[in-house]
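J.: Structure incoming, see below.
The values are calculated or read from the model by the stated rules, or taken from the named source; none is laboratory data. Predicted, not measured: the structure shown is a model, and the values here were computed from it. All Cβ positions, even for glycine, are placed from backbone atoms using ideal geometry, and neighbour counts span all protein chains on display.
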Amino acid sequence: MANTVLVVEDEANLLAALSYNLGREGYEVLTAENGEAGLALARQHDPDLVILDVMLPILDGFEVCRELRKDSAVPILMLTAKGEEIDRVVGLELGADDYVTKPFSTRELMARVRNMLRRTAHVSRVAHDASEIIVSGDLVIDNASHSVKRDGEPLALRPREFSLLSLLAANKGRAFSREQILERLWSMDYIGDSRTVDVHVRWLREKIEPEPANPQRIVTIRSIGYRFDG
Ligand code: CA
């Protein structure tokens, strides 16, 4: 089945070009010219990937991204102009998966889209292969419903936090480098941004560790990365 890609871009020429090229690659394409319409389409159609311009009328790309992330793990590729936008896009709290700086070549963008979709397929396959339910102490990780309970209470984890926990817990006792984690859970090309992993580990620890400052479950392996100990 064809993957559906939603493109939210207010420059009509660019939107038409993207739409044409994605269609030619075999994707189903949805388009919106402002943030509000884009958000509505995303919620209505649940696309496999969203290409999101930063500067948009009504709601800008940052706001759309933040809204989407409240309830969706859909891969988001941001289109940025140069400069300070990039800092915000790779900013850790926003939740975009990757970005391309304008002007970009069609070829580069298509390669990025393919990579992101392949990665998503890979991550969901990994999750699928893992045990459906992992129990560790008072933690119950349910890969089928993407939910985690601690001592019977549901935890509100962001999609990435869940993926991170699921990956580490499914491989208890095995150390992962930050790069390995980035490669599994994020798009590539996050050069020099392994801090992203640290921040997610910190967030996760606040939710699953009895003493987040003295973690026992997700331990730091000096000069390597992280390991789930139980
Ligand atoms: Ca724009």
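J.: Run ARG150 past the list (1) at pLDDT 90 or above; (2) surrounded by fewer than 19 Cβ atoms within 10 Å (Cβ to Cβ); (3) within 16 Å of the ligand (Cβ to nearest atom) and report the number of the one that doesn't hold.
T.: Of the numbered conditions (1) at pLDDT 90 or above; (2) surrounded by fewer than 19 Cβ atoms within 10 Å (Cβ to Cβ); (3) within 16 Å of the ligand (Cβ to nearest atom), the odd one out for ARG150 is (3).
J.: Among the residues of segment 34-47, how many are among the acidic types (Asp, Glu) and buried (at least 18 other Cβ atoms within 10 Å of the Cβ)? Steps first, answer last, please.
T.: Step one: filter segment 34-47 for residues among the acidic types (Asp, Glu), giving 36, 46.
This time we only want the ones that are buried (at least 18 other Cβ atoms within 10 Å of the Cβ), so: none.
Of the residues in segment 34-47, 0 are among the acidic types (Asp, Glu) and buried (at least 18 other Cβ atoms within 10 Å of the Cβ).
J.: With surrounded by fewer than 21 Cβ atoms within 10 Å (Cβ to Cβ), closer than 30 Å to LEU157 by Cβ and not assigned by TED's automatic domain parsing to the domain that holds PRO159 as the only criterion, which of ALA73, ALA12 stands out?
T.: ALA73
J.: Sticking with this structure for a sec: Could you count how many residues in segment 1-47 are in a strand (DSSP E or B) and within 14 Å of the ligand (Cβ to nearest atom)?
T.: Qualifying residue count, segment 1-47: 4.
J.: Please specify each residue of segment 158-179 satisfying the condition of being surrounded by fewer than 16 Cβ atoms within 10 Å (Cβ to Cβ) and at pLDDT below 85. Explain how you work it out, then say what you get.
T.: To start, the set of residues in segment 158-179 that are surrounded by fewer than 16 Cβ atoms within 10 Å (Cβ to Cβ) comprises 159, 171-175, 177, 179.
Passing the criteria: PRO159, GLU179.
J.: Test VAL50 against the criterion of being crowded, with 22+ Cβ neighbours inside 10 Å, within 16 Å of the ligand (Cβ to nearest atom) and either among the hydroxyl-bearing types (Ser, Thr, Tyr) or part of a strand (DSSP E or B) (or both), and give yes or no.
T.: Answer is yes for this residue.
J.: For the structure I just gave you, tell me whether THR31 is over 22 Å from PRO159 (Cβ atoms), in contact with a Leu (Cβ under 9 Å, 6 or more places away or on another chain) and β-branched (Val, Ile, Thr).
T.: Working: over 22 Å from PRO159 (Cβ atoms): yes; in contact with a Leu (Cβ under 9 Å, 6 or more places away or on another chain): yes; β-branched (Val, Ile, Thr): yes.
Criteria met by THR31.
J.: Got a sec? Which helices (runs of 4 or more DSSP H) wholly within segment 151-225 have at least 2 residues that are charged (D, E, K, R) and farther than 15 Å from LEU139 by Cα?
T.: Hits in segment 151-225: 178-185, 195-208.
J.: Taking the stated definitions as given, is GLU209 closer than 30 Å to THR101 by Cα and without any contact (Cβ under 8 Å) to a residue 12 or more places away in the chain?
T.: No; evaluated as a whole, the condition is false for this residue.
J.: Still on this structure, please answer the following. Return the total of residues in segment 53-77 being more than 16 Å from the ligand (Cβ to nearest atom), assigned to a loop (DSSP other than H, G, I, E, B) and touching a residue at least 24 places away in the same chain (Cβ under 8 Å).
T.: Adding up the residues that qualify gives 4.
J.: Please count how many residues of segment 41-95 are modelled with pLDDT under 90, within 19 Å of LEU18 (Cα to Cα) and small (Gly, Ala, Ser).
T.: Total satisfying the criteria: 1.
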